[in-house]
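The values are calculated or read from the model by the stated rules, or taken from the named source; none is laboratory data. These numbers were taken from a predicted model, which means no experiment stands behind them. FYI the Cβ positions are ideal-geometry reconstructions off the backbone, even for glycines, and counts take in every protein chain you see. Ligands, DNA and RNA are excluded from the accessible area calculation, which covers all protein heavy atoms including side chains. Shrake-Rupley method; radii C 1.70, N 1.55, O 1.52, S 1.80 Å.
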Amino acid sequence: MNQLSPVIALILILCALESFSQSGPAAPQEKQITTSTGVWLGFYTKYHFNDRWAYYGEYHIRKRNGFDDMAQVYLRFGATYRLKKYLDVTIGVVHPFYWAPNQNDPNVDNVVVQYRLWQQAVLATPFEHIKLYHQLRTEQRWRRGFEKGSSFELTHRFRYKMTIYVPLNKPAFENHTLFLALYNEVFIQAGKTVVYNHLEDNRAFAGVGYNLSEQFQIQGGYMFSFRHNGSPFDYVKRHIFRLSLYHHMDLHLNRHREERDIPIH
């Protein structure tokens, strides 16, 4: 029996190798990348009550498939506190609405809502002729799928954006200044339901802006987004045109003429 044991073991190993060679390891799933287009319209507000406190608001309408289909409506509200000349912090709530891609599916709700809390810090790094801003934003999102009866689940999102403004027709930023606007923003998400797609999105923007007056500014340009699309192998490239209007105003009478170095973001 002892002499047969190595032979039996060798036969079992050969059978196992033969079985493995026939079945083979699972073929790796190929990455699937789709492409979409969209138009995002935004209105940003910042209203100062005094030298420290301000109301912050964002209102967005986002379309997909060019300008054809409704995608989202975002309503973001916050209270901003100025810690230092170059540092603002904000806390608030977000109330976004999402339109289902297939509005004719009887098993989905055409529009679903999310509930969010958010916090933000914006640090300005002023230079002589350009402006550089660092924005760190965190969000707690209670969200659900489009399927009818689906429950809300809590996830967390962490965002970092670096923005650069470069004046084009004047040496400094003032009324009627045309400027180049560039930013890149990285989105990281976490939570029990987030298994593989921790890197949720990356958005890069290039455009131009114009200071219409001391209170109004307009920006427009192209944004490229590369993000997960629901599975570890599915991604989507989004080509988006963004047009945004910014409104800043001091509501207190005893206004200091000191330049405010933290813009609306």
*asked:* Looking for something in a helix (DSSP H, G or I), modelled with pLDDT under 95 and not hydroxyl-bearing (Ser, Thr, Tyr) - is there at least one such residue anywhere in the range 28-44?
replied: no
*Looking at the range 51-94, which of the residues that are part of a loop (DSSP other than H, G, I, E, B) and either among the aliphatic types (A, V, I, L, M) or open to solvent by less than 60 Å² (accessible area, probe 1.4 Å) (or both) is nearest to residue 251 (Cα to Cα)?*
51
*Within the range 218-232, which residues are open to solvent by 40 Å² or more (accessible area, probe 1.4 Å) and touching a strand residue (DSSP E or B) at 6+ places or on another chain (Cβ under 7 Å)?*
218, 222, 224, 226, 227, 229
*asked:* With touching a Lys or Arg at 6+ places or on another chain (Cβ under 9 Å), closer than 22 Å to residue 142 by Cβ, modelled with pLDDT of 95 or more and open to solvent by less than 30 Å² (accessible area, probe 1.4 Å) as the only criterion, which of 159, 203 stands out?
replied: 159
